[in-house]
Amino acid sequence: MVEVVGLSKRFGRRQVLRELTLCFPPGRLTVLVGPNGAGKTTLLKCLVDLVRPQQGSVLLDGLAVGSDPRLRRRIGYVSQLPRFPEQLSAAQVIELLAALRASAPVRRDEVLDTLGLESEIHRPLSQLSGGTRKKVSAALALIFDPEILVMDEPTAGLDPRSALRLKDWLRAERGHGKTVILASHLVSELEELSDRIVFLMDGAVWFDGAAAELRARSGEQNLERALARLVEERIAAALAEPSTTAPIAAAKTAPWPRSAGMAGR
Amino acid sequence: MIPMLQLVLRDLWRSRWPAAYGLFLLATSEALFAFGENRAQAVASLLTVTVLVVPTMTLALGVSQCFDWRYCAELLLAQPVRRGAIFAGQYVGLTLVLSLSFVFGVGLPFLWMGLGSRAAAQALAVLLAAGILLTLVFGALALLLGTASEQRLPALGRAFSLALFLCVVYDGILLAAATGLADYRLEKPLLALALLNPVDAARLLVLLKLDVAALTGYTGAVMQQFFGAGAQSVALLPLALWVAVPAALAYRAYQRRDF
């Protein structure tokens with residue numbers, strides 16, 4: 001169980017996360033959505049201790065993720081922009097990570113086959129295309145068979161076949177009881193994958209529930225339109241109450257409870 | 001730390017800058033041998049080169065590499081490994097490679113041209129030790145500047161400014177103070193101020209071994225007079241602090257940094 005408790009993060013004068021409290025149970029696939037700059041990537045980075053919050057904590061089965069680096073053995077992470085030691089090949093990076101994790105990549109061949117990476121595995125990463133680099137990034141997160149997957153736009157830049165295969169893989173992982181948390185801008189991913197949608201805006205949760213609930217509350221069958229409605233509601237709330245901290249503070253304490261309607265603000 | 005160290009060593013090896021640095025020092029050493037009268041004079045001349053080139057090169061390469069390594073930090077720090085181990089791998093790798101380049105460039109000519117007298121051999125050993133200590137000092141400062149900065153160019157600008165200040169401007173200020181206040185007894189304060197600068201501390205360390213402290217000017221002569229045979233140990237202390245304090249600050253900054 002991954003828990004986010006009262007998480008706040010500020011970069012300079014910009015408040016990116018505002019006392020977020022969320023819970024990610026095993027066997028569920030949660031998709032974080034929201035406009036650019038909503039705090040999705042920062043939240044995902046906090047989950048793997050790449051970004052350290054000013055307040056609050058991320059707990060993994062009750063233990064703070066930042067307290068013991070060994071807890072990250074249980075997490076596989078895909079960054080938004082895949083960056084590697086460029087002079088190495090994917091095979092060498094796998095060896096490096098195996099050395100850092102002190103464990104063998106138990107699903108190496110299976111993952112490489114699924115993502116169609118066998119022919120690219122020995123080429124220097126600097127020579128790979130953007131999409132292939134993204135596939136390598138996903139492969140590096142999956143081959144160690146972690147129980148929690150934290151992925152920032154994992155299918156962005158992938159060809160349709162690879163994206164489909166990766167989504168199938170993630171569905172299967174969820175079926176095996178793993179926790180999958182991913183950020184996405186793709187409505188198709190919300191439709192196909194999500195058990196739960198968490199809509200972030202201005203660093204606060206504005207909707208937390210299933211796609212069906214979002215449709216029902218917004219009165220929009222099209223998920224993209226339903227999300228757009230959320231954004232409009234948020235903007236309208238901010239305009240109605242120019243002191244922007246007030247609606248945000250309210251949102252963080254009552255983040256669109258499942259029983260509430262969209263007009264709750 | 002070992003996997004990270006291997007990655008850093010491989011990265012530096014491929015960058016070719018450490019090799020260029022070593023070859024530059026080798027060519028300079030050869031030239032100074034060719035034009036110098038004896039080994040001691042060559043060591044004294046190499047000292048001047050060392051205290052200018054080692055800080056500048058270590059800062060420039062260290063800051064630059066720090067930004068290169070930051071690009072893949074997300075991948076590495078998402079693994080079950082302590083940040084301290086990643087940081088230590090970077091620091092040890094950087095200073096190890098640059099120290100080897102320095103020893104190669106400065107030490108090799110002595111090997112094939114002969115060490116000469118025992119005193120010259122000792123002076124060379126102290127020169128090599130001073131160069132390695134300067135590498136450790138400025139390697140730590142480079143990682144501190146690189147870790148604390150968001151952008152490469154401003155960080156490099158700060159690195160060059162720091163090198164210029166410690167290698168050139170600081171001595172100029174001391175010289176101006178000594179000249180302007182010649183009527184006062186300022187030996188102790190000037191000595192203390194000189195030892196505060198790692199470049200001066202390294203310079204004194206070598207010159208005291210060359211037994212030409214009086215020629216080093218004011219601070220060298222005063223130091224020899226004050227501390228006698230223990231003068232080198234006194235010069236080592238600030239150098240050790242200049243390694244420990246920036247390294248600790250850089251480590252702290254790395255621990256707190258968001259990636």
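Where does each of B:ILE173, B:ILE132 land when they are ranked from fewest to most other beta-carbon atoms within 10 angstrom? Don't skip to the end; give the middle numbers.
Values: B:ILE173 13, B:ILE132 19.
Arranged by neighbour count, lowest to highest, B:ILE173, B:ILE132 become B:ILE173, B:ILE132.
Pop a pseudo-label 7 angstrom from the Cα along the beta-carbon direction at both A:VAL106 and A:ALA216 and give the gap in nm to one decimal.
Between A:VAL106 and A:ALA216, the simple spin-label model gives 3.9 nm.
When only C-alpha pairs under 8 Å and at least 6 residues apart count, what is the relative contact order of segment A:37-107, in percent?
Values: 29 pairs, mean separation 12.9, N = 71.
The value is 18 percent.
Mind putting a number on the dipole of chain B about its Cα centre? Charges go on the C-beta only, +1 for Lys and Arg and -1 for Asp and Glu, and I need it in Debye to the nearest 20.
On the way: 17 positive and 12 negative charges, 121 e Å.
Using Cβ point charges on Lys, Arg, Asp and Glu, chain B gives about 580 debye.
Please compute the modelled spin-label separation between A:GLU95 and B:ILE2, points set 7 Å along Cα→Cβ, answer in nm with one decimal.
1.4 nm
Please work out how many pairs of lysine residues in the protein assembly as shown are eight or more positions apart (or on different chains) and have Cα atoms closer than 21 angstrom.
Value for the protein assembly as shown: 17.
State the dimensionless ratio Rg/Rh of segment B:37-147 (Rg: radius of gyration of Cα atoms; Rh: Kirkwood radius). Numbers along the way, then the final one.
Details: Rg = 17.0 Å, Rh = 15.3 Å.
Taking Rg over the Kirkwood Rh, I get 1.11.
Quote to one decimal, in nm, the extra length available between A:CYS23 and A:ALA64 on full extension: 0.36 nm per residue of separation minus the C-alpha distance between them. All intermediate terms of the calculation are to be shown ahead of the outcome.
Values: separation 41, 0.36 × 41 = 14.76 nm, distance 1.38 nm.
Stretched fully, the A:CYS23-A:ALA64 segment lengthens by 13.4 nm.
Can you tally the net charge around A:GLY76? Count Lys and Arg as +1, Asp and Glu as -1, for every other residue whose Cβ sits under 11 Å from the Cβ of A:GLY76. Numbers along the way, then the final one.
Numbers: positive: A:ARG72, A:ARG73, A:ARG74, A:ARG101, A:ARG107, A:LYS178; negative: A:ASP145, A:GLU147, A:GLU173.
Once all neighbours under 11 Å are counted, the net charge is +3.
Helix B:17-35 against the longest principal axis of chain B: what's the angle in degrees, Cα atoms only, rounded to the nearest 10?
Tilt of helix B:17-35: around 10 degrees.
For chain A, divide the Cα radius of gyration by the Kirkwood radius and give the resulting Rg/Rh value with two decimals. Spell out each step's value before the answer.
Values: Rg = 18.8 Å, Rh = 19.2 Å.
Expressed as Rg/Rh, it is 0.98.
Give the separation of the Cα centroids, segment B:9-59 to segment A:185-247, in Å.
Between the Cα centres of segment B:9-59 and segment A:185-247 lies a distance of 62 Å.
Starting from the Kirkwood Rh over alpha-carbon pairs, what translational D in µm² s⁻¹ does chain B have by Stokes-Einstein at 37 °C and 0.692 mPa s? Numbers along the way, then the final one.
Details: Rh = 19.2 Å.
Using the Kirkwood radius from Cα pairs, D works out to 171 µm²/s.
Test of understanding: express the Cα radius of gyration of segment B:143-190 as a ratio to 2.2 N^0.38 Å, with N the residue count.
Working: Rg = 16.0 Å, N = 48, 2.2 N^0.38 = 9.6 Å.
Its radius of gyration relative to the 2.2 N^0.38 Å reference: 1.67.
Can you give the Rg/Rh ratio of segment B:1-88, where Rg is from the C-alpha atoms and Rh is the Kirkwood radius?
With Rh from the inverse mean 1/r over Cα pairs, Rg/Rh is 1.16.
So which residue, out of A:ARG161, A:ARG74, A:ARG13, gets the largest mean-square fluctuation from a GNM of chain A using Cα contacts under 10 Å as springs?
A:ARG13
Restricting the count to DSSP beta bridges whose residues both fall in the protein assembly as shown, what percent are antiparallel, rounded to a multiple of 5? Show your work: numbers first, answer last.
Details: 20 of 37 bridges.
Around 55 percent antiparallel, to the nearest 5.
Can you give the net charge of the other residues whose Cβ lies under 13 Å from the Cβ of B:ARG152, counting K and R as +1 and D and E as -1?
Working: positive: B:ARG70, B:ARG158; negative: B:ASP68, B:GLU150.
Result for the local shell: 0.
Relative to the first principal axis of the alpha-carbon coordinates of chain B, what is the inclination of helix B:170-180, with its axis defined by its Cα atoms, in degrees from 0 to 90 and to the nearest 10?
That helix lies at roughly 30 degrees to the long axis.
To the nearest 20 debye, what charge dipole does segment B:1-121 have about its Cα centre, counting +1 at the Cβ of each Lys and Arg and -1 at the Cβ of each Asp and Glu? Mind dumping the intermediate values first?
On the way: 8 positive and 5 negative charges, 53 e Å.
Charge dipole of segment B:1-121: 260 debye, to the nearest 20.
Please give the calculated 222 nm ellipticity per residue for the protein assembly as shown, where each DSSP H segment of at least 4 residues contributes -39500 (n - 2.57) and the sum is spread over every residue; nearest 500 deg cm²/dmol? Kindly include the intermediate steps, with their values, before the conclusion.
Numbers: 22 runs with 309 residues, N = 524.
Computed ellipticity for the protein assembly as shown at 222 nm equals -19000 deg cm²/dmol.
Would you work out the charge dipole size for chain A about its Cα centre, treating the Cβ of every Lys and Arg as +1 and the Cβ of every Asp and Glu as -1, and quote it to the nearest 20 debye? Kindly include the intermediate steps, with their values, before the conclusion.
Details: 36 positive and 31 negative charges, 120 e Å.
Computed charge dipole of chain A: roughly 580 debye.
Once the dipole of segment B:2-256 is set up with Lys and Arg at +1 and Asp and Glu at -1 on Cβ about the Cα centre, which of B:ALA123, B:THR135, B:SER149 lies farthest towards its positive end?
B:SER149
Once the Cα gyration tensor of segment A:57-151 is diagonalised, what are the square roots of 5 times its eigenvalues, in whole Å and ordered largest first, as equivalent ellipsoid semi-axes? Don't skip to the answer; put the middle values down first.
Working: eigenvalues 122, 36, 30 Å².
Those come to 25, 13, 12 Å.
Say a site is exposed when it is one of the trypsin sites (Lys or Arg not before Pro), sits in a DSSP loop, and has at most 13 other Cβ atoms within 10 Å; what is then the longest site-free stretch of chain B? Spell out each step's value before the answer.
Numbers: sites that count: B:ARG16, B:ARG185.
Segment B:17-184 is the longest.
Which semi-axis lengths, in whole Å and largest first, follow from the square roots of five times the eigenvalues of the Cα gyration tensor of the protein assembly as shown? Show your work: numbers first, answer last.
Values: eigenvalues 648, 147, 56 Å².
So the equivalent ellipsoid measures 57, 27, 17 Å along its semi-axes.
Count the net charge of all other residues whose Cβ sits under 12 Å from the Cβ of B:PRO109, scoring Lys and Arg as +1 and Asp and Glu as -1. Before the final figure, lay out each step's value.
Details: positive: B:ARG39; negative: B:GLU30.
So the environment of B:PRO109 carries a net charge of 0.
Percent of Cα-Cα pairs per 10 Å bin, from 0 to the last occupied bin, for segment A:1-99, please list those.
Bins of 10 Å from zero give 13, 42, 31, 14, 0 percent of pairs.
Among B:PRO109, B:PRO189, B:PRO246, which one shows the highest mean-square fluctuation when chain B is modelled as a Gaussian network with alpha-carbon springs under 10 Å?
For chain B, modelled as a Gaussian network with Cα springs under 10 Å, the answer is B:PRO189.
Throughout, read-outs are computed from the coordinates displayed, never taken from laboratory work. Since the model is a prediction, treat every value here as computed from it, not as a measurement. Positions of Cβ are backbone-derived with ideal geometry, glycine not excepted, and every protein chain shown enters the neighbour counts.
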